[in-house]
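Encoded as structure tokens, the structure appears first; notes follow it.
Derivation of every value follows stated rules applied to the coordinates shown; laboratory data play no part. Because the structure is predicted, anything quoted here is derived from the model rather than measured. So basically every Cβ, Gly included, is an ideal-geometry build from the backbone, and we count neighbours across all protein chains shown.
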Ligand SMILES: [Zn+2]
């Protein structure tokens, strides 16, 4: 099943605005069932240095308004394209 990308309309075009409270600044991404794997190297003094970090998401990823909690998941694909 292909996901539809919904691009928000706004001024300037492409900015996400919460349709419930008008918030356009604070957004929250929630990932369910996340497996985080981090590789460490143990140093000669016994301390550890993280080498690489791998995050796998097995559950759903939600994208919500950071102020009122409105579900904005339909914009999530757009959010991923626009997050740097
Ligand atoms: Zn909101």
| message | Need the failing condition index for residue 38 against (1) closer than 25 Å to residue 79 by Cα; (2) surrounded by 10 or more Cβ atoms within 10 Å (Cβ to Cβ), just the number. | response | (1)
| said: Anything in the stretch 42-84 that is loosely packed, with under 10 Cβ neighbours inside 10 Å and over 18 Å from the mean Cα position of the chain (by Cα)? List them, or say none. | reply: 42, 43, 44, 45, 46, 47, 49, 50, 51, 52
| task | Could you name every one of the strands (runs of 3 or more DSSP E) located completely within the stretch 22-62 that has at least 3 residues being within 16 Å of the ligand (Cβ to nearest atom) and in contact (Cβ under 8 Å) with a residue 24 or more places away in the chain? | result | 27-31
